[in-house]
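The structure under discussion appears below in the form of structure tokens.
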Amino acid sequence: MKKSLICVSCPLGCPIEVEIDNGEILSVTGNTCKRGDAYARDELTNPVRSLTTTVKLVNGSLPVVPVKSSKPVPKDKMFECMKIINQASIEAPVKIGDVVVKDILSTGADIIVTNNDIGK
Amino acid sequence: MMNINEFIAEVEKTDIDVYTDTMVLDVSKDNVVTAVNNKDGLIKIQAVAVVLAMGCRERPRGALSIAGSRPAGVMTAGTAQKYVNIDGYMPGRKVVILGSGDIGLIMARRMTLEGAEVKVVCELMPYSGGLTRNIVQCLDDFGIPLRLSCTVVSTHGKERLEGVTIAQVDERLKPIPGTEEYIDCDTLLLSVGLIPENELSKGVGIDLDTVTGGPVVDEYRETLHKGIFACGNVLQVHDLVDYVTEESKIAGKGAANYIFGKKQGGTFINTKGVNGVRYIVPQRVNIENEDGVKLYFRVGQVYKGAKVVVECDGNVLSSKKKVKLAPGEMENVLITPEMLRNMNENSEITVRIEE
């Protein structure tokens, strides 16, 4: 089976074709550098994404505060992560790096605050 | 690169006066800045140097001539971004996005993650105006279709948007009759370009570049008005914030040198984009510059395997093959002090694309 994807390692955006057989990667073509090969293999075996969103802020100067995952989370768990983050809240004052959800869905990533809010 | 909070902390360590919630009303021809706020009232500051950093604004619906009523639910992508990320509101549930600029693409992902259904992203041009990374991670990841050469021709609904009609366009960007398609939606987000915010610059009488919409500047980002510098999106619309940071440092250094009386005068020559190069910033270069100058430019269409050729007075200064060039991605070429040394006051540096 052939799968095509676009490399996002740099602005070139090489169109990559990957030949897979029973989950085993046979060949990677179309990439111009090593990073493209690594990207394609990661993307087809364990695709991950950094998750950026907001979380409810209690007594803040604003109603929400921006957060992100401390490291990329598996792509197929993004919506599950969002469900947990949407249930969560944190109380002001908050500062960059504060943890809102620890080890979300056992992915090893924490959901951390990315802006300061000194509160009302 | 530093983030915004680190920059704020750096400024707080200095004795620089910072006026927040303050609006500049006017910059005069002798560099007097008039501003107003609700604490100090009217403020007048005699500046030696001024750095313009007003940024840009989004092109609004009014600039597009979309037929139809004026219901709630039609807004720019940046407005929606503020509602969601700062105010904590969801502007709608069923979304169509017109324009594939980076803000539009990012809002497609943002709205999807927050539970909305993004039905389609329509792009008038035959290519996307956004970064490839954003197309992959904001659209492809969620299966959101990107329709190229496609636009919104009318909006429907009285109080609230109920749907839009989209259509394919021909090579003259005119909608093709018979290709109309109705899409049910309650929200239309516009990501259709950014306009540098140069009302103050016009007030001073600063010359603007008709292509970038920003001031004409030299390599220290000084405008043609002495002592007034410009950087960031007010000068040219950037795709990456890192370039904005780089440009602000150049303008800051230029303003400081101006104040301390260093590096004044010199022989300026023009830069010019031809054959596919839409514009170049800076538009003027001092040939006595000893640090070398980076010329930033954008191309007018997508090129694959084309060469970027820099010429001066018929001599090729550099020629570099690029795997890909796209309008959405800013490029740069370096002019070294050695190259500048061979130029005179009648020289002109041109950058062109050779296929």
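I'm trying to understand the selection: among the residues of region A:59-74, which are open to solvent by 30 Å² or more (accessible area, probe 1.4 Å), more than 16 Å from the chain's Cα centre (by Cα) and facing another protein chain (nearest Cβ under 10 Å)?
Correct list: A:Leu62, A:Pro63.
From the list B:Glu171, B:Glu180, B:Glu246, pick out the single residue that is assigned by TED's automatic domain parsing to the domain that holds B:Arg133 and modelled with pLDDT under 95.
After ruling out the rest, the residue left standing is B:Glu171.
Can you name every residue in region B:89-115 that is of a type in the set (Lys, Arg) and outside any loop (DSSP other than H, G, I, E, B)?
Scanning region B:89-115 gives B:Lys94, B:Arg109, B:Arg110.
What number of residues within region A:32-52 are within 14 Å of chain B (Cβ to nearest Cβ) and over 22 Å from B:Cys138 (Cβ atoms)?
Within region A:32-52, residues that are within 14 Å of chain B (Cβ to nearest Cβ) and over 22 Å from B:Cys138 (Cβ atoms) number 2.
Scan region A:106-116 for residues that are more than 12 Å from chain B (Cβ to nearest Cβ), within 30 Å of B:Ala9 (Cα to Cα) and open to solvent by 40 Å² or more (accessible area, probe 1.4 Å) and jot them down.
Within region A:106-116, none qualify.
How many residues, within region B:101-129, are out of contact with any strand residue (DSSP E or B) (no Cβ under 9 Å at 6 or more places or on another chain), within 12 Å of chain A (Cβ to nearest Cβ) and touching a residue at least 60 places away in the same chain (Cβ under 8 Å)?
Matching residues across region B:101-129 total 0.
Test B:Gly205 against the stated conditions and say whether it is on the phi > 0 side of the Ramachandran plot and within 26 Å of the chain's Cα centre (by Cα).
Here the answer is yes, as B:Gly205 does meet what is asked.
Condition first: buried (at least 16 other Cβ atoms within 10 Å of the Cβ), over 21 Å from B:Gly73 (Cα atoms) and free of Cβ contacts under 8 Å to residues at least 24 places away in the same chain. Now tell me which residues in region B:134-169 satisfy that.
Matches in region B:134-169: B:Val136, B:Gln168.
Test of understanding: among A:Lys56, A:Lys83, A:Lys77, which residue is within 14 Å of another protein chain (Cβ to nearest Cβ), open to solvent by 30 Å² or more (accessible area, probe 1.4 Å) and within 14 Å of the chain's Cα centre (by Cα)?
From the options A:Lys56, A:Lys83, A:Lys77, the qualifying one is A:Lys77.
Would you check if there is a residue in region B:303-317 being open to solvent by 40 Å² or more (accessible area, probe 1.4 Å) and small (Gly, Ala, Ser)?
yes
What number of residues in region B:297-355 are aromatic (Phe, Trp, Tyr) and within 14 Å of chain A (Cβ to nearest Cβ)?
Counting residues in region B:297-355 that are aromatic (Phe, Trp, Tyr) and within 14 Å of chain A (Cβ to nearest Cβ) gives 1.
So A:Val8 fits all but one of (1) at pLDDT 90 or above; (2) open to solvent by less than 30 Å² (accessible area, probe 1.4 Å); what number is the exception?
(1)
Which condition number does B:Thr179 fail, the rest of (1) away from every other protein chain (no Cβ under 14 Å); (2) open to solvent by 30 Å² or more (accessible area, probe 1.4 Å); (3) in a helix (DSSP H, G or I) being met?
(3)
How many residues are within 29 Å of B:Gly143 (Cα to Cα) and either in contact (Cβ under 8 Å) with a residue 60 or more places away in the chain or within 9 Å of chain B (Cβ to nearest Cβ) (or both) when one looks only at region A:86-105?
So the answer is 1.
Condition check: touching a Lys or Arg at 6+ places or on another chain (Cβ under 9 Å), closer than 18 Å to B:Thr336 by Cβ and touching a residue at least 24 places away in the same chain (Cβ under 8 Å). Does B:Asp291 satisfy that?
no
Considering only residues that are touching a residue at least 12 places away in the same chain (Cβ under 8 Å), away from chain B (no Cβ under 12 Å) and of a type in the set (S, T, N, Q), which ones fall in region A:1-31?
A:Thr29
The values are calculated or read from the model by the stated rules, or taken from the named source; none is laboratory data. Bear in mind the structure is a predicted one, so any value in this text is a computation, not a measurement. Backbone-built Cβ (ideal geometry, glycine too); neighbour counts: all protein chains shown. Surface accessibility is based on the protein's heavy atoms, side chains included, excluding ligands, DNA and RNA. Shrake-Rupley method; radii C 1.70, N 1.55, O 1.52, S 1.80 Å.
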